[in-house]
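The values are calculated or read from the model by the stated rules, or taken from the named source; none is laboratory data. These numbers come from a predicted model, not from an experiment. Backbone-built Cβ (ideal geometry, glycine too); neighbour counts: all protein chains shown. Only protein heavy atoms, including side chains, enter the accessible area calculation; ligands, DNA and RNA are left aside. Shrake-Rupley method; radii C 1.70, N 1.55, O 1.52, S 1.80 Å.
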Amino acid sequence: MMTMSQQLMTIGAVALATVITRFLPFIVFPAGKPQPKYVGFLGKFLPGAVFSMLVVFCLKNVSILSGSHGIPELIAITAVVLLHLYKRNMLISIAGGTVLYMLLVQLVF
């Protein structure tokens, strides 16, 4: 169990870290100054790379030779792709695929 001073120090550290992460980008990259090329590169390619790693991570333990044979995963991935092509909104695509997958594994498979 943490003492009161440890709790206060923890809260202070979390608050300081939050303030730093919120304000640091505006200090490092002010509004009137041109953005460095590497920041533009990261902004263009990093979301796709992170999403790809997420897909690989989610599918790494799926076995097509046992259980549901990866059918709920395939249906959910198809739903994510179709939702994204239809709405062009990553949040809706991911949330829709997740809800569909959970319904499939809880109620169907």
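Numbers at a glance
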| item | result |
| --- | --- |
| Modelled FRET efficiency - R0 25 Å, residue 29 with residue 92, Cβ distances, 0.05 increments | 0.30 |
| Cα convex hull volume per residue for the chain (Å³) | 196 |
| Efficiency of FRET between residue 62 and residue 38 - r from beta-carbon atoms, R0 25 angstrom, step 0.05 | 0.10 |
| Sites excluded, trypsin sites (Lys or Arg not before Pro) in DSSP loops with at most 14 other C-beta within 10 Å, longest stretch of the chain | 1-59 |
| Top of 78, 21, 98 by mean-square fluctuation, Gaussian network on the chain, Cα under 10 Å | 21 |
| Sequence-distant lysines (8 or more away, or on other chains) whose Cα lies within less than 18 Å of residue 87 | none |
| Placed amide H near residue 68: partners under 5 Å, 5+ positions off or other chain | none |
| Sorted peptide list for 62-74, 8-20, criterion being average Cβ within 10 angstrom, highest first | 62-74, 8-20 |
| Percent carbon-and-sulfur accessible area, the stretch 49-109, ignoring ligands, DNA and RNA, probe 1.4 Å | 74 |
